[in-house]
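The values are calculated or read from the model by the stated rules, or taken from the named source; none is laboratory data. Because the structure is a prediction, the values reported are computed rather than measured. Cβ placement follows ideal geometry from the backbone for every residue including glycine, while neighbour counts extend to all protein chains displayed.
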Amino acid sequence: MSIHAPLIIDIAGTTLTAVDRRRLAHPLVAGLILFGRNWQSRAQLGDLCADIKSIRPDLLIAVDHEGGRVQRFRTDGFTHLPPMRALGQLWTEDDKGQPGSGVLKACEAATSAGFVLASELRACGVDFSFTPVLDLDHGESSVIGDRAFGRDPRAVSLLARSLMQGLLQAGMGNCGKHFPGHGAVKADSHVAQPVDKRSLKAILSDDALPYRHLGSVLTAVMPAHVIYSKVDDRPAGFSSRWLQGILREQLGFQGAVCTDDLSMVAARQMHGRTLSYTEAVLTALQAGCDLALLCNRSTDNGGAELDQVLDQLAQAQVKSHVQPNEASEERRLNLLPRTPARPWDELVRSTDYMQALERLP
């Protein structure tokens, strides 16, 4: 029987325990996501990542590392990257007598930010960052705010493409989030269920435009924990209409679809009830997600909930409630870097890295 590893989990500390090793060796685990609690120093992070890869080289080591307030590693040489809004502001700041110079400067800075971000992470053994944010800044969402490049979908698309180019130069993929757009709702999906009441036509002609413009260069997409009530009564991450009918068929996206964190309160609300963690994972996979993200479960009750999810997923596969998906597994493996990373000491002495630092706002 073919195997598709769909679950991205977390660990509690800065080194692996025996229990961590057992979970990471599980054939249904796709990888793990790192947090600030997993960080002490570059040396420690490098050792941790090497230890993870010694268990299974195909495990994806991921992190939320965007810049601004969402950056997990900030000390021991890591560059403090600007929030994406700072790049959007450069867009409008033309030099005197040089119309369009701000656009060029902003795109160059975005490429540099992507290159620095990915190069530093990869030098420590991290494979992938869930970036960039493609949400439009409507001035409504506090959880998005300055994480967005700006309000104009054309500017967001070009700046995101430039940032992705920088990621690619360092050998890292990308993840556009949060499809089809989280910026027009006030509620924070970490703690409440946001509802966007706009029509499909309105969303596709505005917030979702970056996904249309960037379809050929996006390697992954993360759907929003938002209900778009005029399109579907399910959150986008549980909606086959959004993920298969619109994202894949209408917009032609071919890469990996990864849920946002399913441990969030709003993430598991559907039809007036709260799904269990396993139900949420299975519902997301059945809707069209390739990977399911379950964060911060290792820190509660010794991770008993994680073990329960793994056991129940294995049972569901045996009972054919969920089918192994070879295409999903291929998309997961395509998120892994294909080129060797430059060691930190070599990276920080390199001309391209130093020039990239000079271009950051």
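Taking the options L291, L282, L360, L347, name whichever one is in contact (Cβ under 8 Å) with a residue 12 or more places away in the chain, of a type outside the set (K, R), under 22 Å from L24 (Cβ atoms) and touching a Ser or Thr at 6+ places or on another chain (Cβ under 8 Å).
L291
Restricting to the stretch 309-339, count the residues that are touching a residue at least 40 places away in the same chain (Cβ under 8 Å) and farther than 17 Å from Q286 by Cα.
Final tally of qualifying residues: 7.
It is to be established whether one or more residues within the stretch 317-324 are of a type outside the set (K, R), touching a Leu at 6+ places or on another chain (Cβ under 9 Å) and in a helix (DSSP H, G or I).
yes
Scan the stretch 57-93 for residues that are more than 23 Å from S157 (Cβ to Cβ), among the acidic types (D, E) and either without any contact (Cβ under 8 Å) to a residue 60 or more places away in the chain or touching a His at 6+ places or on another chain (Cβ under 8 Å) (or both) and jot them down.
Within the stretch 57-93, just D76 meets the criteria.
Mind listing just one residue for me: the one in the stretch 258-270 that is out of contact with any Lys or Arg (no Cβ under 8 Å at 6 or more places or on another chain) and not small (G, A, S) and, of those, surrounded by the fewest Cβ atoms within 10 Å (Cβ to Cβ)?
The selected residue is V265.
Determine which member of the set V231, V221 is β-branched (V, I, T), touching a helix residue (DSSP H, G or I) at 6+ places or on another chain (Cβ under 8 Å), surrounded by 24 or more Cβ atoms within 10 Å (Cβ to Cβ) and outside any helix (DSSP H, G or I).
So the residue among V231, V221 that is β-branched (V, I, T), touching a helix residue (DSSP H, G or I) at 6+ places or on another chain (Cβ under 8 Å), surrounded by 24 or more Cβ atoms within 10 Å (Cβ to Cβ) and outside any helix (DSSP H, G or I) is V221.
For the stretch 234-278, which positions are in contact with a Phe, Trp or Tyr (Cβ under 7 Å, 6 or more places away or on another chain) and either part of a helix (DSSP H, G or I) or without any contact (Cβ under 8 Å) to a residue 12 or more places away in the chain (or both)?
A236, L247
Would you be able to tell me the number of residues in the stretch 303-361 that are at pLDDT below 90, in contact with a helix residue (DSSP H, G or I) (Cβ under 9 Å, 6 or more places away or on another chain) and of a type in the set (G, A, S)?
Residues in the stretch 303-361 being at pLDDT below 90, in contact with a helix residue (DSSP H, G or I) (Cβ under 9 Å, 6 or more places away or on another chain) and of a type in the set (G, A, S): 1 in total.
For residues that are among the β-branched types (V, I, T) and modelled with pLDDT under 95, scanning just the stretch 185-226, find the one that is nearest to G150 (Cα to Cα).
Per the criteria, the residue is V185.
Do you know which of the residues in the stretch 164-214 that are in a helix (DSSP H, G or I) and hydrophobic (A, V, I, L, M, F, W, C) is surrounded by the fewest Cβ atoms within 10 Å (Cβ to Cβ)? Talk me through it step by step, then tell me what you get.
Within the stretch 164-214, the first condition is being in a helix (DSSP H, G or I), and the residues that meet it are 164-169, 200-204, 209-213.
Filter once more, so that each one left must be hydrophobic (A, V, I, L, M, F, W, C): 164, 167-168, 200, 202-204, 209.
Working: M164: 25, L167: 26, L168: 17, L200: 17, A202: 15, I203: 20, L204: 19, L209: 20.
Among them, the one singled out is A202.
With V126, V143 as the choices, which residue is in a loop (DSSP other than H, G, I, E, B) and either modelled with pLDDT of 95 or more or over 30 Å from R241 (Cα atoms) (or both)?
V126 is the lone residue from the list that is in a loop (DSSP other than H, G, I, E, B) and either modelled with pLDDT of 95 or more or over 30 Å from R241 (Cα atoms) (or both).
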